[in-house]
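First the structure, in the form of structure tokens, and then the observations on it.
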Amino acid sequence: KQEVTQIPAALSVPEGENLVLNCSFTDSAIYNLQWFRQDPGKGLTSLLLIQSSQREQTSGRLNASLDKSSGRSTLYIAASQPGDSATYLCAVRGVAGGTSYGKLTFGQGTILTVHP
Amino acid sequence: NAGVMQNPRHLVRRRGQEARLRCSPMKGHSHVYWYRQLPEEGLKFMVYLQKENIIDESGMPKERFSAEFPKEGPSILRIQQVVRGDSAAYFCASSKRGSETQYFGPGTRLLVL
């Protein structure tokens with residue numbers, strides 16, 4: 001059964017800092033991994049999706065890496081801003097033919113606060 | 001292209017009543033997924049549906065919960081005889097095919113009094 005863990009559970013940083021959020025998963029047979037952002041009381045916004053054959057993806061100040069063999073992904077946020085404050089969720093999708101194909105297994109999330 | 005629509009956004013029910021949550025997928029998407037986010041917990045998969053078919057319901061509670069995605073109209077998540085423990089945010093996602101990116105709706109916040 002796939003399990004996803006995110007560390008740290010919460011992080012508070014001053015504006016301008018570079019930071020790293022960590023995600024680990026127990027079953028390396030994944031189809032892809034996705035990072036989401038969730039604002040309080042809102043839905044999920046997809047930030048980056050990394051296919052299992054890829055090592056990293058970049059979008060603006062965000063960079064996500066994937067090491068499938070070790071079951072780890074990191075989300076790097078450069079030059080953080082107060083508007084980055086949100087909960088960041090990591091989710092993995094299982095491979096076709098597996099029991100978890102199609103569905104996403106989420107981590108508990110990292111609550112990020114960027115203070116001015 | 002409108003995103004995934006869910007309604008109602010907020011729903012209040014008394015214990016024992018029924019709750020019906022609706023999800024309209026993005027245009028052209030025929031795969032729908034339901035997830036539940038309990039207070040202080042992560043998002044948990046509930047069910048994966050295609051038009052008129054349940055593909056994976058391994059995350060659905062055995063009793064009181066059911067889901068459908070008819071040929072016409074939205075997907076419905078139905079909770080019978082709600083209890084306080086059903087209070088949660090219920091999110092729907094859709095994709096064109098099972099292998100593609102899932103796009104999430106804004107969620108329905110269910111409160112059971």
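The values are calculated or read from the model by the stated rules, or taken from the named source; none is laboratory data. Because the structure is a prediction, the values reported are computed rather than measured. For neighbour counting, all protein chains shown are included, and Cβ atoms are generated from backbone atoms with ideal geometry for every residue, glycine included. These accessible areas exclude ligands, DNA and RNA; they are computed on the full protein's heavy atoms, side chains included. Shrake-Rupley method; radii C 1.70, N 1.55, O 1.52, S 1.80 Å.
Here are the numbers for this structure:
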read-out	value
Sequence-separation-based contact order of chain A, relative, with Cα cut under 8 Å and 6+ spacing, percent	36 percent
Accessible area that becomes buried as A packs against B, both chains, 1.4 Å probe, Å², nearest 100	1500 Å²
Built amide H within the under 5 Å cut-off of B:ALA88, gap 5+	B:LEU110
Cβ-placed point charges (K, R +1; D, E -1), dipole of the protein assembly as shown about Cα centre in debye, nearest 20	720 debye
Considering only the range A:35-109, percent of DSSP beta bridges that pair antiparallel, nearest 5	95 percent
Phi to ³J(HN,Hα) by Karplus 6.51 cos²θ - 1.76 cosθ + 1.60 over the range B:70-79, Hz, x for Gly, Pro	x, 4, 10, x, x, 7, 10, 9, 10, 10
Exposure of B:ARG78 as accessible area (Å², to 10), given a probe of 1.4 Å and all protein chains	70 Å²
Solvent-accessible area, 1.4 Å probe, carbon plus sulfur percent, for chain B	45 percent
Share of alpha-carbon pairs per 5 Å distance bin for the range A:1-69, given as whole %	3, 13, 22, 26, 22, 10, 4, 0
Inter-label distance for B:LEU38 and B:LYS96, nm, one decimal - labels placed 7 Å from Cα along Cα-to-Cβ	3.7 nm
Relative contact order computed over the range A:63-116 (Cα-Cα under 8 Å; 6+ residues apart), in percent	33 percent
Of all DSSP beta bridges in chain B, antiparallel share, percent nearest 5	90 percent
Peptide-level mean, for A:103-110, of C-beta atoms on other protein chains within 10 Å	6
Calculated SAXS-style log₁₀ I(q)/I(0) at q = 0.13, 0.16, 0.17, 0.23 Å⁻¹ - chain A, Debye, Cα scatterers	-0.46, -0.68, -0.77, -1.31
Cut-off under 5 Å, modelled amide H: who pairs with A:LYS103 long-range	A:GLY94
Amide H within-cut-off set for A:ARG61, under 5 Å, with H built and near neighbours excluded	none
B:VAL4 accessible area, 1.4 Å probe, all protein chains in place, Å² to nearest 10	10 Å²
Per residue value of the accessible surface for the protein assembly as shown (all protein chains in place, 1.4 Å probe), Å²	49 Å²
Percent RCO, i.e. relative contact order, over chain B, from Cα pairs under 8 Å lying at least 6 residues apart	37 percent
Gyration tensor over alpha-carbon atoms, the protein assembly as shown, equivalent ellipsoid semi-axes in Å	29, 21, 16
Charge dipole of chain A about the Cα centre (unit charges at C-beta), most positive-ward option of A:THR26, A:SER59, A:THR87	A:THR26
Estimated vicinal HN-Hα couplings, Hz - the range A:83-91 in sequence order (Karplus 6.51, -1.76, 1.60; Gly, Pro = x)	x, 7, 4, 4, 9, 10, 10, 10, 9
